[in-house]
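As structure tokens, the structure follows; a few thoughts come after it.
Please treat every number below as a calculation from the coordinates, not as lab data. Model, not experiment: these values are computed from the prediction. Virtual Cβ from ideal backbone geometry, glycine too; neighbours counted across all protein chains shown.
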Amino acid sequence: MSSARFEFRGDLALTPLPEVLETIHGYKVPGVLSAMKDGIEKKIFISHGDVIFATSGDRHDSLGDYMLRTGRISQEQFDASVEALIFSGGKKRHGEVMVDMGILTSGELYSIVQQQVRSILFSIFDWEHGEFLFEVGQYRTDELIQLEIPARQAILEGIKHVKDAPRLVKLLGPSWTVFDPCWKPEDLTNVGLASGEMKLLQYVDGLKTLKDLVVLGPGDPAYNAKLMYAFFVLRLISRRELTSRSIKKIHMKTLGGTYAQDDETPSEG
């Protein structure tokens, strides 16, 4: 984070979005996080520790395309609303036009726009490369429909939406990696862990390996691995650097289970 220029920039291939958001959250400052990839720019607006809005330069993320893609409107309704939008000469937004046409009620529009914005936000979590820039400062937005998602909850939810679970497993380490708990009750404020997710966090004891833990969570191993990565990013658990000798000692103390050694093993220490 540059205090002179009030910005934080980098490469998403080196610092994935969840880690970027956790760093920003640590500074407790408002601003806009822009992510750029292949000519597309998406923005996340942050204020008072919350993610309040997200925008996208990708037409695929527009309200009309989102509603058509998710089956909220038919192709005929989409075409007619686009025609009416063009006829408005830019004086109205697509959502307003659809309300005027009776395709949506105002209440339905509010709910759908919130879902659309969340979809934009969570789509960036799947970006494996690209540039990011966080610019610190107050800003204004004319959007009337805003989210109020605590940043750490957004990190958890975004990670759970990631399609490529193996990518996150690689960020955690090999299957023999051991994690220590390092959370306090106040660290869970505004994270929003469900009961099954909380149980998985409590299984982290400095003895169980990643391989052990991913079968103990509320979902399948891929889903549980994503939860483990979320715990790691949120600094609820820490990774312990172990030698193969200490791993053997841990497994001698662990009741039950077997240990299958990876192709990649740590050096003796």
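For the reader, a short list of remarks on this structure follows.
- Spatially, the stretch 4-51 and the stretch 99-176 are offset by 12 Å when compared through their Cα centroids.
- Other residues with beta-carbon under 12 Å from the beta-carbon of Val97 carry, at +1 per Lys or Arg and -1 per Asp or Glu, a net charge of 0.
- Report note on the peptides 57-67, 40-50: ranked by the mean count of other C-beta atoms within 10 Å, highest first, their order is 40-50, 57-67.
- Point-to-point label distance, Ala80-His161, nm (Cα→Cβ direction, 7 Å offset): 3.0 nm
- Among the listed pairs Lys28/Lys211; Lys43/Lys211; Lys37/Lys226; Lys37/Lys170; Lys42/Lys92, a Cα-Cα separation exceeding 30 Å is found for Lys28/Lys211; Lys43/Lys211.
- Exposure proxy order (Cβ contacts within 10 Å, fewest to most) of Val82, Val20: Val82, Val20
- Net charge over other residues, Cβ less than 13 angstrom from the Cβ of Asp11 (K, R count +1; D, E count -1): -1
- Seen from all directions on average, the stretch 60-117 presents a Cα convex hull projection of 3.6 nm².
- For the chain, projected area of the alpha-carbon convex hull averaged over all directions, nm²: 17.8 nm²
- Extension gain (nm, one decimal) between Met36 and Cys182, 0.36 nm per residue minus Cα-Cα: 49.2 nm
- The stretch between Tyr27 and Phe6, if pulled fully straight at 0.36 nm per residue, gains 6.4 nm over its current Cα-Cα span.
- Degrees between helix 75-87 axis and first principal axis of the chain (Cα, 0 to 90, nearest 10): 60 degrees
- As a proxy for reagent exposure, ranking Glu76, Glu157 by other Cβ atoms within 10 Å from fewest up yields Glu76, Glu157.
- Ratio of Rg to Rh for the stretch 164-253: 0.95 [Cα atoms; Kirkwood radius as inverse mean 1/r over pairs].
- Nearest-0.05 FRET efficiency for Arg93 and Tyr139, computed from C-beta distance (R0 25 Å): 0.80
- Extension gain, His48 back to Glu128 (0.36 nm per residue minus Cα-Cα distance, nm): 26.0 nm
- Charge sum, other residues only, whose C-beta stays under 13 Å from Asp180's C-beta, Lys/Arg counted +1 and Asp/Glu -1: +2
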